[in-house]
Structure formats: C-alpha cells, structure tokens
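This report concerns only the one structure given below.
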Amino acid sequence: MAPTILMVEDESAIRELIALNLQQAGHHMLAAGSAEDALALMRESLPDLILLDWMLPGMSGVEFARRIKANAHTRSIPIIMLTARSDEQDKIIGLEIGSDDYITKPFSPRELNARIKAVLRRRAPQLAGESMEVNGLCLNPTTHRVTGNNQPVELGPTEFRLLQFFMAHRERVHSRTQLLDQVWGSQVFVEERTVDVHIRRLRRALEQTGHDTLIQTVRGIGYRLSVPVAII
Ligand code: CA
C-alpha cells in the first residue's frame with residue numbers, strides 16, 4: 001500500500017515538481033494550493049503524511065498545523081514543514097506545534113525523500129514495510145503473515161489488506177466508501193455491502209485468538225480498529 005502524501009504549497013511550480021518526484025518514488029500524492037483546500041481534501045480522505053509550506057496565502061502553515069494537531073482524528077498524521085526561512089525561531093515554533101520534521105528550501109528531492117522515509121519509519125512503520133502489532137495481533141507486510149498471540153491466522157487477500165489498513169489507521173473511523181477507496185482501490189466497482197461481508201470474514205478469522213473485538217462497528221458511520229486501554 002503506497003503511502004498517501006498531502007502536499008500543501010501555494011507555488012504551483014514547486015508543488016508540481018515535488019509531486020512528480022514523490023510519485024516517481026512510489027507515493028500516492030494529493031496536492032493543495034492552500035490550507036483551506038487541504039482541509040477540504042482531508043474531509044474526503046486522510047493522508048499518511050503532510051508536507052506543509054510555512055508561508056501560505058489565507059490560513060498560514062502554522063495555523064493549519066495547529067488545527068491538525070488539535071483534532072483527535074488527524075493528530076497522529078505526521079507533518080514535515082517546508083519553508084524558505086532558516087530562522088531558528090521558526091524551526092522551534094514548528095516543532096513545538098508538533099511537526100515531525102522541518103526542511104528549509106531549497107532542498108534536493110533526494111533529501112526530501114530521505115526525510116519522508118525517516119518520518120514514516122518512525123511514525124507509521126507499516127508504510128515502511130515493517131511489522132505492526134496491536135495487543136498480541138501481529139501483521140508483517142513483507143512476509144504477508146498474521147499471527148495472534150503467536151498463533152498463525154489465515155486470512156484471504158482482501159481481509160489481509162483490510163486488517164493492514166485498520167492497523168495502520170487505528171482509532172479512526174472509516175466509512176464503507178473510504179474503505180472501498182483505500183483497500184479495494186477507486187478503480188474497482190464494488191457494492192458497499194461487500195465491505196460488510198469481508199469485515200465478517202475478518203472477524204471470524206480473528207475469533208480464535210480473541211482479536212475479533214478489535215474491529216468495531218460504528219453505527220451509521222462505518223468501522224474502526226480500536227485498541228483497548230489497559231486498566232491498571
Ligand atoms: Ca509559500
């Protein structure tokens with residue numbers, strides 16, 4: 001699953017250049033020319049990482065980052081700030097707000113790629129091809145193996161991708177449409193109730209190790225993977 005990167009940059013030449021470069025590096029790109037447009041895009045689907053220009057017309061990059069970090073649904077999305085300034089104070093503000101990294105323009109595509117990789121590895125290991133674990137349920141995207149409390153769990157390809165998506169975006173509620181888009185791909189025409197069928201299969205496969213309860217139905221909205229909080 002290619003990571004989706006949202007780039008917020010008002011200079012179209014830079015936006016297009018970076019988008020092209022990151023697409024070639026295997027990322028799925030979303031681009032917005034303003035923070036307002038970016039927020040509208042994010043109402044449709046959430047990216048795995050945001051590249052954020054500091055100086056934007058309208059809402060500033062700082063204000064946008066503040067909003068993202070203040071919202072429980074978007075808080076966990078890593079942000080890399082892009083700026084022409086090399087001012088130490090700006091760097092401090094960016095990091096205080098919760099940005100994960102900071103790149104000063106001009107930067108080479110190679111440097112940007114390396115930073116993105118490092119942030120994803122740290123914040124979203126599943127996108128860097130590393131194993132994910134939730135309460136004893138482990139998924140390894142490289143070997144395509146799933147285990148529950150060290151017992152192998154047999155999953156069909158769709159259930160595997162569904163689980164991978166849920167584990168990568170835990171605690172977020174996904175509508176059936178979003179799941180179809182993200183797991184099946186928007187090119188495929190599938191009915192929404194197909195999602196329910198595969199969720200049922202996924203839960204059944206996870207029952208043997210008691211991990212089926214991780215996948216929750218959110219009435220009227222969709223599904224989410226919720227990590228139980230340990231009671232001490
Ligand atoms: Ca700008």
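Given ILE97, ILE92, which one is over 18 Å from ILE18 (Cβ atoms) and surrounded by 18 or more Cβ atoms within 10 Å (Cβ to Cβ)? Explain how you work it out, then say what you get.
Values: ILE92 fails: surrounded by 18 or more Cβ atoms within 10 Å (Cβ to Cβ).
Checking each option against the conditions leaves just ILE97.
Filter the stretch 1-13 for residues that are within 15 Å of the ligand (Cβ to nearest atom) and free of Cβ contacts under 8 Å to residues at least 60 places away in the same chain and give the result. Spell out how you get there, then give the answer.
Within the stretch 1-13, the first condition is being within 15 Å of the ligand (Cβ to nearest atom), and the residues that meet it are 7-13.
Once the filter is applied, which keeps residues that are within 15 Å of the ligand (Cβ to nearest atom) and free of Cβ contacts under 8 Å to residues at least 60 places away in the same chain, the stretch 1-13 yields MET7, VAL8, ASP10, GLU11, SER12, ALA13.
Those residues that are in contact with a Gly (Cβ under 9 Å, 6 or more places away or on another chain), open to solvent by less than 40 Å² (accessible area, probe 1.4 Å) and assigned to a loop (DSSP other than H, G, I, E, B), I need them from the stretch 54-70; list them, please.
TRP54, LEU56
State all residues of the stretch 76-112 that are in a loop (DSSP other than H, G, I, E, B), in contact (Cβ under 8 Å) with a residue 12 or more places away in the chain and not hydrophobic (A, V, I, L, M, F, W, C); if no residue qualifies, say none.
Of everything in the stretch 76-112, those that are in a loop (DSSP other than H, G, I, E, B), in contact (Cβ under 8 Å) with a residue 12 or more places away in the chain and not hydrophobic (A, V, I, L, M, F, W, C) turn out to be SER76, PRO78, ARG85, SER86, GLY98, SER99, ASP100, LYS105.
Here's the yes/no breakdown for (1) touching a Gly at 6+ places or on another chain (Cβ under 9 Å); (2) within 13 Å of the ligand (Cβ to nearest atom); (3) part of a helix (DSSP H, G or I):
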| position | (1), (2), (3) |
| --- | --- |
| LEU17 | no, no, yes |
| ASN21 | no, no, yes |
| GLY26 | no, no, no |
| GLU36 | yes, no, yes |
| MET42 | no, no, yes |
| PRO47 | no, no, no |
| LEU52 | yes, yes, no |
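Select from the stretch 203-220 the residues that are without any contact (Cβ under 8 Å) to a residue 24 or more places away in the chain and either part of a loop (DSSP other than H, G, I, E, B) or of a type in the set (Lys, Arg) (or both) and list them in ascending order. Write out each step before concluding.
In the first step, residues of the stretch 203-220 are kept if they are without any contact (Cβ under 8 Å) to a residue 24 or more places away in the chain; the result is 203-204, 207, 212-213, 216-217, 219-220.
Listed by number, the residues that qualify are ARG203, ARG204, ARG219, GLY220.
Residues of the stretch 59-96 being within 11 Å of the ligand (Cβ to nearest atom) and either over 23 Å from MET29 (Cβ atoms) or over 23 Å from the mean Cα position of the chain (by Cα) (or both), which ones? I'd like the intermediate steps shown before the answer.
Filtering the stretch 59-96 for residues within 11 Å of the ligand (Cβ to nearest atom) gives 60-61, 82-85.
Listed by number, the residues that qualify are ALA84, ARG85.
Are any of the residues in the stretch 14-24 surrounded by fewer than 17 Cβ atoms within 10 Å (Cβ to Cβ) and touching a helix residue (DSSP H, G or I) at 6+ places or on another chain (Cβ under 7 Å)? Can you show your working first?
Going residue by residue through the stretch 14-24, those that are surrounded by fewer than 17 Cβ atoms within 10 Å (Cβ to Cβ) are 14, 16-17, 20-21, 23-24.
Within this subset, residues satisfying the condition of being touching a helix residue (DSSP H, G or I) at 6+ places or on another chain (Cβ under 7 Å) are 21.
Yes: the stretch 14-24 contains one or more residues that are surrounded by fewer than 17 Cβ atoms within 10 Å (Cβ to Cβ) and touching a helix residue (DSSP H, G or I) at 6+ places or on another chain (Cβ under 7 Å).
The values are calculated or read from the model by the stated rules, or taken from the named source; none is laboratory data. These figures come from a predicted structure and were not determined experimentally. Cβ atoms come from the backbone with ideal geometry, glycine included; neighbour counts cover every protein chain shown. For the accessible areas, the whole protein counts, side chains as well, though only heavy atoms, and no ligand, DNA or RNA atoms are used. Shrake-Rupley method; radii C 1.70, N 1.55, O 1.52, S 1.80 Å.
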